[in-house]
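Some notes on the structure that comes next.
The values are calculated or read from the model by the stated rules, or taken from the named source; none is laboratory data. Because the structure is a prediction, the values reported are computed rather than measured. Cβ: placed from backbone, ideal geometry, glycine included. Neighbour counts: every protein chain shown.
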Amino acid sequence: MRLTGFLRQRVRNWIRRRQGPDRGPVTLRRGRIYILPTSLGVAFGLMLFAMLLGSLNYANNLGLGLTFLLASLGLVTMQACHRNLETLIVSEAGTESPFAGQEAIFQLAFSNPGRAARCDLEAATTAMAADPVSIAAGGEATVNLRVATRRRGWVLLDRIEITTRFPYGLFRAWAVLHPHRRCLVYPRPADTAPPPPPAPGASGAGAMRRGDDDFAGLKDYHPGDAPRHIAWKAYAKGGELLVKQFSGAAEPVPIFDLAQAPGPDLESRLSVLARWIVDAEARGKTFGLRLPGLEIPPQPGRQQRRRCLAALAEYQTVEPVDA
Amino acid sequence: MLEPGEQFRRLSWTTAGLVAALAPHMAHLRVWVTGFVLAACVWRLLAERRGWRLPGVALRTAIALGATGGVIASYSTITGLDGGTALLALMAALKLLETRAPRDHVVLIFIGWFLCLAAFLYAQDIRTVAFVVPTVWLLAAALLEVARRGHGLALSPFRATGAMLVKALPLALVLFLFFPRIAGSF
């Protein structure tokens, strides 16, 4: 077991040296497709040898013919297996950030420029394989590669293997890609967290902030205003896009501060902050974030959530962690 | 793990190939051998449909010993063409009773090709050729079906393997013409 592991590592290093790193879309050309018989292929070869001996032993011409037909069929499937990968175009297609402990998703896009369909392509990281996909002639497919994560920070994906055993499973052709892709892992939101401390000036008199509660008037529309605040009735009457403005003195805008988050160590305090951010966004609230040396001004919405969680994930991490 | 419908479909392909490969031998095999193999085929398909449990190791060992004993009793040997063919057919039936993984299917298809070869050892006439060639094709199509790993993109198995066999034909012809024949048997 140790020997095969050692050999596998040597082969991987050799492939990495001879191919170099990959940037952007990669077309799988001959020089980077490897092919070897599977154990099934070896068994097929042994069967052919036995058939050959049998036919020769009985000096049976039709038996020899059958043996040679099957041997040629095996060679044809070898070529078909190789061609199933050749000229396939593989490109990067986005990542999905997880919380620590969940799986990071790296998307791969396959596109088939050939005139024949490609069947049963399997993409895999060193740890996990994605489900096989088939692509019609001229078609495209997206594959999700999942990488397990343990803690917040960057996970790196620097080796992808694309494999096919089509058509007969007698041969395995594969190509290796060395992208340099990373995906940010957010800190896992704490299971239980105390409610965030009240924002300063919570009971401050007459703090007229823009809020969502009481209708206060109309103003001109600017890109970025929430569509649900557009005054469609006014638009229907006057043809002018106006936005309803509301005033809400009720709720002050909280800025979550690392200094105010409780917890025994940095990681658990970041987890508490993550919990506050996730909850606030789920309730449609406006929120901001303050870390030492960084302040994200309050805003509502998904984009803000991503920005704040990313700031937490990257806080005081230096090196990307390997997956 | 494959879903039940898919497993049944693969099993049907393999069984069909096996029965076709067995057909040329039915004339000379003892009736109990043919009967046992066909019964095993039917039982296995029914078991897949109805969700019956497959026989365990003890029962399979008993069947294997019984089959070998039966061949010795009927043919007085397990080597030789007659005894060997009978044993091959029985072992195929036995393998069928434990077919779960794709690998088991492939073993059955290999046995099917062996039975095709054995058919030529019995008779090298045009009728045998006319029967064996489509059987080889059917077995190749079955192998294509059982070796599929994904669900996407259904292929026509006969068209796809037919195209590959046509490509294999010239090469096979070259091998056939130029392969040295060794005189005598060993």
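Results, tabulated for the structure shown:
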{"item": "Meets criteria (within 14 Å of chain B (Cβ to nearest Cβ) and of a type in the set (A, V, I, L, M)) for residue A:59", "result": "yes"}
{"item": "Listing of helices (runs of 4 or more DSSP H) fully contained in region A:210-321 that carry 1 or more residues being surrounded by fewer than 13 Cβ atoms within 10 Å (Cβ to Cβ) and modelled with pLDDT of 85 or more", "result": "A:266-282, A:302-314"}
{"item": "In region A:26-56, residue nearest to residue A:164 (Cα to Cα) [restricted to those that are in contact with a Ser or Thr (Cβ under 8 Å, 6 or more places away or on another chain) and away from every other protein chain (no Cβ under 14 Å)]", "result": "A:28"}
{"item": "Selected residue (only one of A:17, A:23 is more than 9 Å from every other protein chain (Cβ to nearest Cβ) and in a helix (DSSP H, G or I))", "result": "A:17"}
{"item": "Any hit, region B:125-148, residues being within 10 Å of chain A (Cβ to nearest Cβ) and touching a strand residue (DSSP E or B) at 6+ places or on another chain (Cβ under 7 Å)", "result": "yes"}
{"item": "Verdict on residue A:109 being away from chain B (no Cβ under 14 Å), more than 30 Å from residue B:126 (Cβ to Cβ) and in contact with a strand residue (DSSP E or B) (Cβ under 8 Å, 6 or more places away or on another chain)", "result": "yes"}
{"item": "Subset tally (residues that are loosely packed, with under 15 Cβ neighbours inside 10 Å and either at pLDDT below 90 or of a type in the set (Lys, Arg) (or both)) for region B:33-60", "result": "9"}
{"item": "Criterion violated by residue A:44 - all others in (1) in the same structural domain as residue A:146 (by TED's automatic domain parsing); (2) surrounded by fewer than 15 Cβ atoms within 10 Å (Cβ to Cβ) satisfied", "result": "(2)"}
{"item": "Top-ranked residue of region A:163-183 - restricted to ones that are more than 13 Å from chain B (Cβ to nearest Cβ) and out of contact with any strand residue (DSSP E or B) (no Cβ under 6 Å at 6 or more places or on another chain), ranked as nearest to residue A:260 (Cα to Cα)", "result": "A:180"}
{"item": "Residue pairs meeting the criteria (Cβ under 7 Å; at least 6 apart or on separate chains; first closer than 14 Å to residue A:161 by Cα, in region A:1-20; second part of a helix (DSSP H, G or I))", "result": "A:19/A:32"}
{"item": "Residue among A:8, A:29 that alone is closer than 15 Å to residue A:175 by Cα and not assigned by TED's automatic domain parsing to the domain that holds residue A:108", "result": "A:8"}
{"item": "Qualifying helices (runs of 4 or more DSSP H) (wholly inside region B:42-144; at least 3 residues being free of Cβ contacts under 8 Å to residues at least 60 places away in the same chain and touching a Gly at 6+ places or on another chain (Cβ under 9 Å))", "result": "B:57-75, B:102-122"}
{"item": "Residue within region B:154-163 that is farther than 24 Å from residue A:67 by Cβ, part of a helix (DSSP H, G or I) and without any contact (Cβ under 8 Å) to a residue 12 or more places away in the chain present", "result": "yes"}
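Yes/no per residue for (1) within 7 Å of chain B (Cβ to nearest Cβ); (2) of a type in the set (Ser, Thr, Tyr); (3) assigned to a helix (DSSP H, G or I); (4) in contact (Cβ under 8 Å) with a residue 24 or more places away in the chain:
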| position | (1), (2), (3), (4) |
| --- | --- |
| A:66 | yes, no, yes, no |
| A:72 | yes, yes, yes, no |
| A:75 | yes, no, yes, no |
| A:79 | no, no, yes, no |
| A:90 | no, no, no, yes |
